[in-house]
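Just so you know, all these numbers are worked out from the coordinates, no wet-lab data involved. Note that the structure is predicted; figures quoted are calculated from it, not measured. Don't worry about glycine lacking a Cβ; one is built from the backbone with ideal geometry, like all the others, and counts go over all protein chains shown.
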Amino acid sequence: MWKRIALFWTLFRGDARRLWAALRHPAAPGWLKWGTALTVLYLVSPIDLIPDGIPFLGWADDLAVVTFALRWMLKRLPAEVTAQRD
């Protein structure tokens, strides 16, 4: 189980770094900024799919939804934004 969590965390960190680089790119589309803002808003809002009062499941669903949203946004980026790496 810990190996899966470690792999999930590694994927999340890599996606977060790619998203940060895409947000700083001058050709970043406006929907990316709105999508990132909505994802962060979901993460900090008290309204969840599974309440955070349930010890592990409440946090796991937040992490899963945020990771899914990051991957979904990164797959739809224009080629000029994804081609440039820092």
Q: Among L70, L11, rank each residue by its count of other Cβ atoms within 10 Å, from fewest to most, as a rough exposure measure.
A: L11, L70
(Q) Can you show me the helix-derived [θ] at 222 nm for the chain, built from DSSP H runs with n ≥ 4 at -39,500 (n - 2.57) apiece and divided by the number of residues, rounded to the nearest 500. (A) -24000 deg cm²/dmol
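As a test of the definition: which semi-axes, in Å, follow for the chain when you take the square root of five times each eigenvalue of its alpha carbon gyration tensor? Largest first, please.
They are 26, 16, 8 Å, listed largest first.
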Q.
Using the Cα centre of the chain as origin and beta-carbon charges of +1 (Lys, Arg) and -1 (Asp, Glu), tell me which of A21, A69, T36 is placed farthest towards the positive end of the dipole.
A. A21
(Q) What whole-number volume per residue, in cubic angstrom, does the convex hull of the C-alpha atoms of segment 1-50 give? (A) 90
